Amino acid sequence: MPVAFRTWNPRIFYGIYRPDLVLNPMRYTTQFLLSAMAAEQFPAPGTPEIAFLGRSNVGKSSLLNELAGEKAAKVSSTPGRTRAINFFALLDPSQRAKLMFADLPGYGYAKISKSISAGWPAFIEPYLAIRSTLKLCVCLVDSNVPPQESDRQLIDWLRAAGRDFAVVATKVDRLSGNERTRNLGALKRGLGLDEILAVSAKTGYGVKDLWARIEAACELVS
Ligand code: GDP
């Protein structure tokens, strides 16, 4: 086999020839589509979609940075876009959109009361309720913080709505082994979960497992 063939690396290839596109370890490139502030602005449903949810400061931008590249994290934290749903297409090496990420606004520290989206823009709840291509809700919780009522309410709401979801505990690099076991156990009990996925955007821990969960939900083979 020619040497160039054996050493061909899509990350380097795209890094050189498509500097505008960011290639993640799963070989998707990320393309920002739009920021929606109302249901009419959602992109036409097409490819399978993954929504990212969590309280402000949970580490959502940092994790998106790991999953979808710096561009996605930057777009979502741009003033004016933090209250929007930001949609990104993930393209395979032949530039076909394989899946979509929807980054939802972080919810506040206040309790979510009455409606799940009180304190959230009004279009969030319809998005979660009716979006036909939504395959998985990735719910982020901070592994350094005890179970929160607002997270519990969101998860209960997703259960009642019949939405598939994965709860992901962020920032596990800040915990020792014992603390990690204790905190993850408390989160599982407090949120009524059988399973919780531990990740660190700082070290990359768990990110591959999260990708596997995302691809399984979208029925994509990596
Ligand atoms: P967002 O508001 O949910 O988008 O949260 P950010 O991604 O902006 O993160 C909030 C804070 O947590 C920032 O100071 C980050 O540097 C920090 N942070 C996020 N992820 C991690 C992580 O995996 N490990 C550590 N140690 N800090 C993190």
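So is Leu128 more than 12 Å from the ligand (Cβ to nearest atom) and either touching a residue at least 40 places away in the same chain (Cβ under 8 Å) or part of a helix (DSSP H, G or I) (or both) or not?
Details: more than 12 Å from the ligand (Cβ to nearest atom): yes; either touching a residue at least 40 places away in the same chain (Cβ under 8 Å) or part of a helix (DSSP H, G or I) (or both): yes.
Yes.
For segment 197-222: of the residues being in a loop (DSSP other than H, G, I, E, B) and either within 11 Å of Asn144 (Cα to Cα) or away from the ligand (no atom under 15 Å from the Cβ) (or both), which is modelled with the highest pLDDT? Write out each step before concluding.
Here is the first cut: in segment 197-222, the ones in a loop (DSSP other than H, G, I, E, B) are 199-206, 218-222.
Narrowing further to those that are either within 11 Å of Asn144 (Cα to Cα) or away from the ligand (no atom under 15 Å from the Cβ) (or both): 218-222.
Values: Cys218: 90, Glu219: 86, Leu220: 79, Val221: 63, Ser222: 53.
In this case the residue turns out to be Cys218.
Could you tell me which of the residues Gly185, Gly204, Gly190, Gly162 is small (Gly, Ala, Ser) and in contact (Cβ under 8 Å) with a residue 60 or more places away in the chain? Steps first, please.
Values: Gly185 fails: in contact (Cβ under 8 Å) with a residue 60 or more places away in the chain; Gly190 fails: in contact (Cβ under 8 Å) with a residue 60 or more places away in the chain; Gly162 fails: in contact (Cβ under 8 Å) with a residue 60 or more places away in the chain.
Among Gly185, Gly204, Gly190, Gly162, only Gly204 is small (Gly, Ala, Ser) and in contact (Cβ under 8 Å) with a residue 60 or more places away in the chain.
Just to verify a result, which residue in segment 48-71, among those that are among the hydrophobic types (A, V, I, L, M, F, W, C), in contact with a Phe, Trp or Tyr (Cβ under 7 Å, 6 or more places away or on another chain) and within 11 Å of the ligand (Cβ to nearest atom), is modelled with the highest pLDDT?
Ranking the candidates gives Phe52 first.
The values are calculated or read from the model by the stated rules, or taken from the named source; none is laboratory data. A quick note: this is a predicted structure, and the numbers were derived from the prediction, not measured. Counting neighbours? That spans all protein chains shown, and the Cβs are built from the backbone with ideal geometry, glycine included.
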